[in-house]
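Enquirer: The structure follows.
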């Protein structure tokens, strides 16, 4: 019985040490001007993290560009659409971890072909 109580306490502490903060969303990770979506490769997720000691000394900041590139490369695509990102923080006794997570639909794009020939000067 004591083991079950200890396991429950450890699980409760581990669930209560994290925090999720929605950061934002956007339509696309890159401008799609003069480009057309060729294929939707599906949902993907990328992340980057950093840690700090005693909440005072941070060892870098999580890079959102790395997280976006990781998500795009996971499906071999060109861009992300319907992009959402949020931050998770995990707190421990002597240090904390900050993680940025990016999710979205990975797409392949191609240049938009114009039907009009280039005008001569």
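The values are calculated or read from the model by the stated rules, or taken from the named source; none is laboratory data. Being a predicted model, the structure only gives us computed values, none of them experimental. All Cβ positions, glycine included, derive from the backbone under ideal geometry; neighbour counts span all protein chains shown.
Enquirer: Inspect all residues belonging to the stretch 62-80 and state whether any of them is assigned to a strand (DSSP E or B) and either surrounded by 14 or more Cβ atoms within 10 Å (Cβ to Cβ) or modelled with pLDDT under 90 (or both). Can you show your working first?
Expert: Just the residues of the stretch 62-80 that are assigned to a strand (DSSP E or B), to begin with: 79-80.
Add one more test, that the residue is either surrounded by 14 or more Cβ atoms within 10 Å (Cβ to Cβ) or modelled with pLDDT under 90 (or both), and what stays is 79-80.
Yes: one or more hits.
Enquirer: Among the residues of the stretch 81-96, is any free of Cβ contacts under 8 Å to residues at least 40 places away in the same chain and exposed (fewer than 13 other Cβ atoms within 10 Å of the Cβ)?
Expert: As a first pass, look at the stretch 81-96 and keep what is free of Cβ contacts under 8 Å to residues at least 40 places away in the same chain: 93.
So of that shortlist, the ones also exposed (fewer than 13 other Cβ atoms within 10 Å of the Cβ) come out as 93.
So far as the stretch 81-96 goes, yes, one or more of its residues are free of Cβ contacts under 8 Å to residues at least 40 places away in the same chain and exposed (fewer than 13 other Cβ atoms within 10 Å of the Cβ).
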